[in-house]
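The values are calculated or read from the model by the stated rules, or taken from the named source; none is laboratory data. Here the structure is a predicted model, which means the values were calculated and not measured. When we count neighbours, we look across all protein chains shown, and the Cβ atoms used for this are built from the backbone with ideal geometry, even at glycine. Ligands, DNA and RNA are stripped out before the accessible areas are found, and what is left, the full protein with its side chains, is counted by its heavy atoms. Shrake-Rupley method; radii C 1.70, N 1.55, O 1.52, S 1.80 Å.
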2 protein chains.
Amino acid sequence: MINLRHVIRQLGALMGVLSISILAIAAWSALLQPDDSSGLTATTWSLLITVAIGMAAAAGFWWTGGSAKDFLGRREALLLVALSWLVGAALAATPFRLWAMLGPTVPMDHPFHNFAACYFEAMSGLTTTGATVLGDVDHLPRGLLLWRAMTHWLGGLGIVVLFVAVLPTLGVGGKKLFQVEAPGPATQGVRPRIRETARLLWVIYVALTLAQIAALLACGMSLFDSVCHTLATLATGGFSTHNASIGGYHSPAIDTVTILFMLLAGVNFGIYYQIIRRRWRSVWSDPELHLYLAIVLIAGTIVTISIWGRPLQTTDPAVSFADTSLLQSIRYGFFQVISIQTTTGFCTADFTKWGPVAKAVLMILMFVGASAGSTGGGIKVIRCLIVFKVMIAEVERIFRPNVVRTIRVGKMTIDDDLRLGTLVYVLGILILFAAGTIALIVIEPAGQLTFKTAATAAAATLNNIGPGLGQVGAIENYGWFTAPSMIVMSILMALGRLEVYAIFVLFVPSFWRRQ
Amino acid sequence: MINLRHVIRQLGALMGVLSISILAIAAWSALLQPDDSSGLTATTWSLLITVAIGMAAAAGFWWTGGSAKDFLGRREALLLVALSWLVGAALAATPFRLWAMLGPTVPMDHPFHNFAACYFEAMSGLTTTGATVLGDVDHLPRGLLLWRAMTHWLGGLGIVVLFVAVLPTLGVGGKKLFQVEAPGPATQGVRPRIRETARLLWVIYVALTLAQIAALLACGMSLFDSVCHTLATLATGGFSTHNASIGGYHSPAIDTVTILFMLLAGVNFGIYYQIIRRRWRSVWSDPELHLYLAIVLIAGTIVTISIWGRPLQTTDPAVSFADTSLLQSIRYGFFQVISIQTTTGFCTADFTKWGPVAKAVLMILMFVGASAGSTGGGIKVIRCLIVFKVMIAEVERIFRPNVVRTIRVGKMTIDDDLRLGTLVYVLGILILFAAGTIALIVIEPAGQLTFKTAATAAAATLNNIGPGLGQVGAIENYGWFTAPSMIVMSILMALGRLEVYAIFVLFVPSFWRRQ
């Protein structure tokens, strides 16, 4: 039987961490932001009430939970990971919902009057998706904007990795948790001495955060915007503080800094671990890193050429070019390619207006995704590489049935289990994509939703990207969906972020049975 | 090195068989159909010129080819299968193109003025897809209508199986050819004593053909229409002699007979072999047969309920119901479900007007497809079953890493090779589907093609179904596509029909290298 009590206790610890994060933002909101446009009181009160609810839940969970000495087994770890996101998003959504209730100037048709929309927004934050229900973020109180960005950052490297590094309460279960949480099959360099590694990853994450904030400040971005965009970039999230996203700054310097840090966030963090350990050879010879950069270069070049010399509409409605110069097409093309491939989802141009070649490249990148072990989503570059190699080997086997080939990726031999596991994973993502698309089509009122919108909304949430095409494009939002669709997409985001299995096992009866 | 000369010789034999079939139709067209509306001369001449071209090609290939004593190896067999369809479709397309040139009353904008469209039509016939470029088949000469139906029938059980049964020239290569040709992994009962089995399959196919012609005649269908529709049904093709397809007859009896024979055509022909051998136990216990019928029943029920009590438009523009009765919704719902799942593609109702649930079910069935070893296309029921079982086992392995489960389908143990092969196949189909969709979007002029149309056109050709949704729906056609798109879809049809590998290996460099 699964040790539910221990899981509940750890969930209590998570609620505590989230509550403390919200408390910090509430304090900042109360003390430093008296000029908050929607009224200091409503925002701060929303945050403070959430802290009270969160603390009560934390205490309740901790108290009803079992002893910390208990063994956190594999199944408990899986359940904890799933519940962390599903329950965590509910707490993270609470400030949004409360603000809509308490704020004196919140319009009646604001999406946050609907809890499903708040849950969607919070899940989008914690899963580092960056899909928003908000048509207007420019006028959202700064306390809520910072909390949105913070959900990205907390979700980014994984609340659970943070958990393993910060709270030494998990006992031996910690290793298994990390195995579940660290995305992708290639955690080779990171696995031994798990807690120490997790601490090091946390240091890397913080260091990158400080570096990007400094870089954005140097480009002339305000401190608040720099902090929010940094939290969203390193988590490959995508929430911005402006409706026009990064495109609103019209600054080549800001675009360049953002491109650089999105690219860094999409690299396997194990690579940074190797760099710190000065293991240069394994950095240079990493096959996923090579392919990741090659895809960026090739896709960026194709998109650049396909948009060159054509009209370009930036995400700022007031700014468009009748004829894109080569430099502009490099700047806007590569930004969008890197933003989509790393599954960040920032926008500088309205790519829904681009030609079919550019859109097709972006749609493929949505599924390819970033590197394993990064904060990015999608299928992951290394899985695509494994699938490609397995497929080639299978085709060859048709006419050379007696030749047995060993499949290698770098120094790693891809054994039968990993082959099968990878294929099942990729196939699972595609089936979920189809199921999500169909669910949205069936749920939404007839004629409301184009096929393109349904498919790209499912792809953009499942792969944790944010914007899609059509009615969920670069300058659109998800606020117009019905509540059931928002729940479906929230589940897709959790499935994508937790790499499917952690959620899926919950539906297998034997998971719950006594063993 | 691949023995190209021997392959060319066999290709000559195939051209001979096709030419003789066309000659038979030309003779019938000349002698029996003096009232042909578009002029006897043009149609008959088109067929006769094609016979001359085909015979010349046959003689040339046979003469340049190597000795019949040569060993037909695995690679030669694969190449022959691929070329049979790719070259065979070119010959099969010739009567259409010649008729457009010679026919005195052929309008200038007729699709057959374009060879790509003729090739598409012929490939659609030989691959038993049933997608047509023609908006108006009612006024096509009967000689061409019969030839279209005949391409289905020849393609149906596979020209190559016919080849193995009829022409004893292939030597030991015959078995390998059959392995490639017989669709699906489950050829268990059929494999031993290959030539005898192939002859028996041919007898079964002819017997079913005669039975259906008799049944349709008994329902009051004309002899010509009965023959054409039977050839199209047993091959799970879908070409009709009327624009309104089967829906034009408004006959519950004809609908029922068609449903029955579509269902029979979608069963693994190995089952009929077992029935003849009186091996009842292996018939009743066949897991694919159970699942195939269960899917029909469940999908049919869902579609029936979803269209019940709503307006229904038949494929005949003049006939529609304001309110579908239960009996009508069973009749039209099950017809369309079985037509799509068996990948036949006949229509009685304009299902593009149905609700999202019914459309979603039909779209899923497009990929599920019929049974392995049937004349139907799609992924095949047994592959879906294997994938489902492998996926469940993989999810379970996440929390029970030490439990090794043997996966069985009926009595067959699914070993590692078959697991991997099946997953690669299904993933390959989905990747081809995505690639096909993107190719169509990129090729067609911007704004001409909806995403829904592109996706369902790719799905309907790759899975050898025929109609899709949107602009390629039940009462639409493929004639408006540009020539490059028609070539892309012709390749998709060949890929789907030959189960991908036979075409794919041609692009692997080592396939052509000396071993």
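Residues of the range A:73-111 that bury at least 30 Å² of accessible area when the other protein chains are present, relative to the chain alone (probe 1.4 Å, heavy atoms, ligands and nucleic acids excluded): A:R74.
About the Cα centre of the protein assembly as shown, how large is the charge dipole given +1 on each Lys and Arg Cβ and -1 on each Asp and Glu Cβ? Please answer in debye to the nearest 20.
Numbers: 70 positive and 50 negative charges, 859 e Å.
Approximately 4120 debye in magnitude.
Label-point spacing for B:M108 across the identical copies (point 7 Å from Cα in the Cβ direction), in nm and ascending order: 6.2.
What does the average come to when, for each residue of peptide B:420-431, you count the partner chain Cβ atoms lying within 10 Å of its Cβ? Mind showing how you got there, number by number?
Numbers: counts 8, 3, 1, 10, 11, 2, 4, 9, 4, 0, 6, 6.
The per-residue average across the peptide is 5.
Each Lys and Arg contributes +1 and each Asp and Glu -1, all at the Cβ; summed about the Cα centre of the range B:405-512, the dipole is approximately 300 debye. Modelled this way, with points 7 Å down the Cα-to-C-beta line, the labels at B:V357 and B:D416 are 4.5 nm from one another. Think of a 1.4 Å ball rolled over the protein heavy atoms: the range B:357-485 then has 33 Å² of accessible area per residue. The Cβ shell under 13 Å around A:G60 holds other residues with a net charge of +2, Lys and Arg each +1, Asp and Glu each -1.
To the nearest 500 deg cm²/dmol, what mean residue ellipticity at 222 nm is calculated for chain B from DSSP H runs of n ≥ 4 alone, each contributing -39,500 (n - 2.57), summed and divided by the residues?
Numbers: 21 runs with 323 residues, N = 515.
One gets -20500 deg cm²/dmol as the mean residue ellipticity at 222 nm.
Taking every residue in B:388-398, how many Cβ atoms of other protein chains lie within 10 Å of its Cβ, on average? Let's see the in-between values first.
Numbers: counts 1, 0, 4, 7, 4, 2, 10, 11, 4, 6, 14.
Going residue by residue through B:388-398 and averaging, the value is 6.
Computed from point charges on the beta carbon alone (+1 for Lys and Arg, -1 for Asp and Glu), the dipole magnitude for chain B about its Cα centre is near 2080 Debye. Ligands, DNA and RNA excluded, the heavy atoms of A:S510 present near 10 Å² of accessible surface to a 1.4 Å solvent probe.
A dipole drawn for the protein assembly as shown from +1 and -1 charges on Cβ atoms has a positive end, and of A:W85, B:P356, B:G247 the residue lying farthest that way is A:W85.
For chain A, the fraction of 1.4 Å probe accessible surface lying on carbon and sulfur atoms is 68 percent. Among A:L423, A:C219, A:F321, whose Cα sits farthest toward the positive end of the charge dipole of chain A (+1 at Cβ of Lys/Arg, -1 at Cβ of Asp/Glu, about the Cα centre)? The one lying farthest along the dipole's positive direction is A:L423.
Is the shape of chain A rounded, prolate or oblate, going by the alpha carbon gyration tensor and its root eigenvalues a ≥ b ≥ c, with a/c under 1.5 for rounded and a/b larger than b/c for prolate? Before the final figure, lay out each step's value.
Details: a/c = 1.42, a/b = 1.04, b/c = 1.37.
Taking the square roots of the gyration eigenvalues as a ≥ b ≥ c, chain A is rounded.
Please give the total accessible area that chains A and B bury against each other, computed with a 1.4 Å probe and expressed in Å² to the nearest 100. Don't skip to the end; give the middle numbers.
Details: alone 20850 and 20840 Å², together 37530 Å².
The buried area between A and B, both sides summed, comes to about 4200 Å².
Roughly how many whole Å is it from the C-alpha centroid of the range B:403-482 to that of the range B:233-257? Between the Cα centre of the range B:403-482 and that of the range B:233-257, the gap is 25 Å. Packing here is the average count of other Cβ atoms within 10 Å per residue, and on that basis the peptides A:223-236, B:104-117, highest first, run A:223-236, B:104-117.
Peptide B:455-462 has a mean shielding of 1, counted as Cβ atoms of other protein chains within 10 Å of each residue's Cβ.
The range B:81-123 and the range A:300-319 have their alpha-carbon centroids 42 Å apart.
Please identify the DSSP H helices in chain A that span no less than 27 Å along the helix axis (Cα) and have a mean Kyte-Doolittle hydropathy of 0.5 or more. Working shown, then result.
On the way: long enough: A:4-32 (42 Å, 1.52); A:40-64 (36 Å, 1.29); A:74-102 (42 Å, 1.17); A:194-218 (36 Å, 1.44); A:287-307 (30 Å, 1.79); A:381-399 (28 Å, 1.61); A:416-443 (39 Å, 1.95).
Once both thresholds are applied, what remains is A:4-32, A:40-64, A:74-102, A:194-218, A:287-307, A:381-399, A:416-443.
Projecting the Cα atoms of A:A455, A:I414, A:V368 onto the dipole axis of the range A:349-456, where Lys and Arg carry +1 and Asp and Glu carry -1 at the beta carbon, places A:I414 farthest toward the positive end.
Based on Cα contacts under 8 Å between residues 6+ apart, chain B shows a relative contact order of 17 percent. From most to least packed by mean Cβ count within 10 Å, the peptides A:47-59, A:399-411, A:351-363 give A:351-363, A:47-59, A:399-411.
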